Protein chains: 4
Amino acid sequence: MSPRTKQQFKKIRNEKIELIKNTALKLFAENGYASTSISKIANNAKISKGLIYNYFESKEALLHDVMFDSLKDFANALVVEDINNIKKKEIIQFIDWSFNTLKSNPEFYKLYFSLAQQGQIIKLFEEEMHKVFGELFEKIIMYYTQKGEKNPFTKARFLIAIVDGIGAHYLLDMEGFPLEETRKMITELI
Amino acid sequence: MSPRTKQQFKKIRNEKIELIKNTALKLFAENGYASTSISKIANNAKISKGLIYNYFESKEALLHDVMFDSLKDFANALVVEDINNIKKKEIIQFIDWSFNTLKSNPEFYKLYFSLAQQGQIIKLFEEEMHKVFGELFEKIIMYYTQKGEKNPFTKARFLIAIVDGIGAHYLLDMEGFPLEETRKMITELI
Amino acid sequence: MSPRTKQQFKKIRNEKIELIKNTALKLFAENGYASTSISKIANNAKISKGLIYNYFESKEALLHDVMFDSLKDFANALVVEDINNIKKKEIIQFIDWSFNTLKSNPEFYKLYFSLAQQGQIIKLFEEEMHKVFGELFEKIIMYYTQKGEKNPFTKARFLIAIVDGIGAHYLLDMEGFPLEETRKMITELI
Amino acid sequence: MSPRTKQQFKKIRNEKIELIKNTALKLFAENGYASTSISKIANNAKISKGLIYNYFESKEALLHDVMFDSLKDFANALVVEDINNIKKKEIIQFIDWSFNTLKSNPEFYKLYFSLAQQGQIIKLFEEEMHKVFGELFEKIIMYYTQKGEKNPFTKARFLIAIVDGIGAHYLLDMEGFPLEETRKMITELI
DNA sequence: CATGAATGAGGTTTCATTCAT
DNA sequence: TATGAATGAAACCTCATTCAT
C-alpha cells in the first residue's frame, strides 16, 4: 500500500465523478429529477451518500453537471465548414447525429424533455442551454437565409421543434415509433 | 337551523373541487408535479391542507383527476362526419383546436409534456390517455389511408409528433415562438 | 309533518344514542379504540359526524359511555341472597353469567381486554370499574371467608384472574377454544 | 480521516437499534401501540425521528421487531429433556420462568395483552407467535397425554389461559396482586 | 335534530445535507 | 478518499372537533 500518486488520485476522482454522473443521469431519466434521491444514486452506484457530496456541492449541482456534459456535445454537433455557405448536407448530418444520439443516449433526452417545462429547474443550466441552442439556432437561420427563404427564423424554429417532437415521441414508444421513416420525412422537409 | 340541502352541499363540493383542481393544475404546470406540495396548493387556493383530502384521496388521485378533466376535452376534438370519408378540413380543424387550446389552456400541456416521459406517473391515467389518443390516432391513420398514402401509420405518427413538438416549443417561449406561422406550415404538410 | 312531541324527540334521541354506542363498541372492539375514527363510526352507523357530537362531548366521552353501559351489567351479575351466607351456587351462577355474556356480547370483553393495560385510557372509567369490580371482589372474598379458606383474598384474586384468562383466550380463538369444558374446570375449583 | 471500520459501524448500529427497541417497548407498553408516536419514541430516546427510519422501515416494522425479540425468549422457555417423558418439574419450571420474566420484563407482557385482541396488528407477528406458542402448547398437551389425562387438549388450553389471566391481573396491580401465592395455586393444579 | 364542509394539530415518512471518523 | 450515522425541515396524510346552515 504505497501512497498513491497525485495522478492516481486524479484518476480515481475522475472515475468516481463519471460513475456518479452516469448513475444520476440514468435514474433522473427513469424516475424524474425530484423523485430520485441522493440515496438511490449512491446505492445504485455502490458508493456512499457522503462521497457524492465530496464531488458535488448539492443535488442541484449534480443535475447541472449532468446536463452540462450532454449539452456540450450539442455545441459541436452542427459542424459548418463555411459559415457563409452552409450546406444542406451539413444540416442533414446534424439531424442524423441528433437521431443517432437519441438512440444511443436516450437518457439525456428523457431528462431534458421532462425538465424543459419547469422554470425553476431549467434555470440551473439556462445559460449553457441558451448558448448551445442559440448557436445552433443561428446557424440554421443562416442556412435558410442563404437558401433565400422568406421566413428563415420561422423555418428554423419549425425545424428544431419538429425534431424535438419526433424525439419525444420516439422515447415514449421506442419499439413502435418509426424513427427511421420520420427521419427521412424531416430530411425531405429541409 | 335545518341542515343545508343536498343540493347546497353538492354546489359547495363542486365549487371547491374545481378550485382545488384549477389551483393544482396551475402549480403542477409551473413547477412540476413532484415539486408541488399539497401545502402550496392549499395556500394558493386559500384553504386548509385537510380540505384537499376531503375531496381527493391522495396527491396522486388529485393529479389523476386534473389530467382526466383535460383529457376528456381531447376525446371530442377531432370530429369526423363520415368515418369512411374523413376530410382534410376536419383534420385541420383539429389542429386548429389544438393550437387554440394550447394558447388558452397552456397549463395542461405543460403538465402533460413534463410528465410524459415518466412511466411511473403516467400509469395513473394511462387508460384514459390510451383511449383518447388511441382514437385520435386511428382517425388520422384512416384519413391518410383514404387519401391513398403509402405509409399512413408513419404519416400519422409524424403528424402528431410535430404538433407536439410545436406545442412544446411554443410553451418554452410563448412570446417569441411563431405559433401562427408554424401552424400554417403544418397545415400545408397535411 | 306535524311537529313531533317531546316524547317522540326523546325516543329519537335514545335510539340514536344506542345506535352510536353500539356501532362504536363494535368498531372499537374490532380495530381498537385509537384506530377507530369518529368518521368510521358515523359511516358505519349511517349518520353524520356532527350528530355524534350532538350526543357525546368527545371521543373519550363516547368510549366512557360505551364502557359504562356494559359495566353496569356487571354490578348486578353476582346476586347474593344473604350477604352473610353466600352460596356456592350463587358464585357459580355468576361465572355462568360471565361466560354467557362472553358468548353473546364478545365486543365488550374484547374492548376491555385491549384497553385494560393502558393506564391513560383506563382512567376514563376507572371509578366505575373500581366500584363494580370492587363490590364483586368483596363478595367473593366474603364467600371464601365464610367457607373458612385460609387466604380468601388470594383465592378471590385467583378466581377472577382465571375467569379473565379463559375469557381472553376464548376471544382469541372462538371456534377452537373449549369454553364449556374449561367452564366446568373452573366450577370444580371453586 | 479514514472512515470508521465496518465493525465500528456495526456496533453503533446495534446499540442504536437496541436503544430504539427498548424505548419503543417501554412506551408501547405504557400507552399502547397506536397512541405512541414515533416522535415520542425519538424524544424519549433522545434521538431524531429520522434516525428511527434509518433502522426500521416503518412503525409497524419496529413493533414487529420489538415483539419478535421477546417472543424468541419464549421459544426456549419450556425445556424438555425427553420428549416422550415430560416431567412435571419441567412444566413447573416453565411456569416459574414465565412468572419471573413477568416481573423482570413486564413491558412485553403488557404490550402482548393489549395487542392480543386486535387481529389487524397481530398479523404483523402472527407467524412467530404461532410457531412459539404452538410448540409450547404441543408440549403441554403431550405432558397431559403422558400423564393419562382424558382431555389433554382442554387441560393444556386451560393451563395457558389461567397463566395468562394471572399475568394480566398482576400487571394491572403489581403491588397488590399476590403473584407468589397464585403461582403456588397453579403449581398445585398441574 | 342533522349535515358535512372546514380547520389545524399532529401523525408517519422521506430526504438533502452534515459530520465524525 | 470514503463511510454511513445523524439531523431536521418538510413532505403526505389523518382525524377530532367546530360550525354555518
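Taking the stretch D:37-46 as the search range and keeping residues that are among the small types (Gly, Ala, Ser) and buried (at least 16 other Cβ atoms within 10 Å of the Cβ), which one is farthest from DNA strand E (Cβ to nearest atom)? Selected residue: D:Ala45. Summed over the stretch D:157-179, the residues that are exposed (fewer than 14 other Cβ atoms within 10 Å of the Cβ) and not acidic (Asp, Glu) give a count of 2. With respect to (1) closer than 22 Å to B:Asn105 by Cα; (2) more than 18 Å from the chain's Cα centre (by Cα), the lone exception for B:Tyr55 is condition (1).
With respect to B:Leu171, is the statement that it is touching a residue at least 60 places away in the same chain (Cβ under 8 Å) and in contact with an Asp or Glu (Cβ under 7 Å, 6 or more places away or on another chain) true? No. Of note, C:Ile92 does not satisfy the criterion of being within 16 Å of DNA strand F (Cβ to nearest atom), in contact with a helix residue (DSSP H, G or I) (Cβ under 7 Å, 6 or more places away or on another chain) and away from chain D (no Cβ under 14 Å). For the stretch C:25-36, indicate whether the set of residues that are under 12 Å from the mean Cα position of the chain (by Cα), more than 16 Å from DNA strand E (Cβ to nearest atom) and closer than 21 Å to C:Ile166 by Cα is non-empty. Yes; the residues of the stretch C:25-36 include at least one that is under 12 Å from the mean Cα position of the chain (by Cα), more than 16 Å from DNA strand E (Cβ to nearest atom) and closer than 21 Å to C:Ile166 by Cα.
Out of all the residues in the stretch B:47-58, is one or more hydroxyl-bearing (Ser, Thr, Tyr) and more than 16 Å from DNA strand E (Cβ to nearest atom)? No, every residue in the stretch B:47-58 fails to be hydroxyl-bearing (Ser, Thr, Tyr) and more than 16 Å from DNA strand E (Cβ to nearest atom). Across the stretch B:59-73, the qualifying residues are those that are buried (at least 17 other Cβ atoms within 10 Å of the Cβ) and away from DNA strand E (no atom under 14 Å from the Cβ), and the one among them that is nearest to the other protein chains (Cβ to nearest Cβ) is B:Leu63.
Collect the residues in the stretch C:1-23 that are in contact (Cβ under 8 Å) with a residue 40 or more places away in the chain and near DNA strand E (Cβ under 8 Å from one of its atoms), keeping them in residue-number order. Selection gives C:Arg13 alone. Contact map, the stretch D:24-36: first residue more than 8 Å from chain C (Cβ to nearest Cβ), second residue buried (at least 24 other Cβ atoms within 10 Å of the Cβ) and charged (D, E, K, R), Cβ cut-off under 9 Å, separation 6 or more or different chains; pairs are D:Phe28/D:Lys110. If the condition is being in a helix (DSSP H, G or I), at the interface with chain D (Cβ under 8 Å from one of its Cβ atoms) and more than 18 Å from the chain's Cα centre (by Cα), then the stretch C:158-187 contributes C:Phe158, C:Glu181, C:Thr182, C:Met185. B:His130: surrounded by fewer than 17 Cβ atoms within 10 Å (Cβ to Cβ), under 15 Å from A:His169 (Cβ atoms) and within 13 Å of chain A (Cβ to nearest Cβ), yes or no? In short, yes. Could you say which residue among A:Thr154, A:Thr182, A:Thr145 is without any contact (Cβ under 8 Å) to a residue 24 or more places away in the chain, buried (at least 22 other Cβ atoms within 10 Å of the Cβ) and of a type outside the set (A, V, I, L, M, F, W, C)? Criteria check complete, one pass: A:Thr182. Return the pair list, or none, for Cβ contacts closer than 9 Å from residues in the stretch D:49-61 that are closer than 15 Å to D:Leu25 by Cβ to residues that are at pLDDT 95 or above and near DNA strand E (Cβ under 6 Å from one of its atoms), at least 6 apart or on different chains. Cβ pairs passing all conditions: D:Ile52/D:Ile38; D:Ile52/D:Lys59; D:Lys59/D:Ser37; D:Lys59/D:Ile38.
For the stretch C:81-117, the set of residues classified as in a loop (DSSP other than H, G, I, E, B) and crowded, with 16+ Cβ neighbours inside 10 Å consists of C:Ile86, C:Ala116, C:Gln117, listed by residue number. Scanning the stretch A:73-86 for residues that are out of contact with any Asp or Glu (no Cβ under 6 Å at 6 or more places or on another chain) and in contact (Cβ under 8 Å) with a residue 12 or more places away in the chain returns A:Asp73, A:Phe74, A:Ala75, A:Ala77, A:Leu78, A:Val79, A:Ile83, A:Asn84, A:Asn85, A:Ile86. B:Ser70 satisfies every condition listed in (1) within 25 Å of B:Ser37 (Cα to Cα); (2) in contact with a Leu (Cβ under 9 Å, 6 or more places away or on another chain); (3) touching a residue at least 60 places away in the same chain (Cβ under 8 Å) except (3).
Being more than 10 Å from chain A (Cβ to nearest Cβ), part of a loop (DSSP other than H, G, I, E, B) and acidic (Asp, Glu) is a description that applies to B:Glu149.
The values are calculated or read from the model by the stated rules, or taken from the named source; none is laboratory data. A quick note: this is a predicted structure, and the numbers were derived from the prediction, not measured. Because the Cβ atoms are built from the backbone with ideal geometry, glycine has one as well, and the counts that use them run over all protein chains shown.
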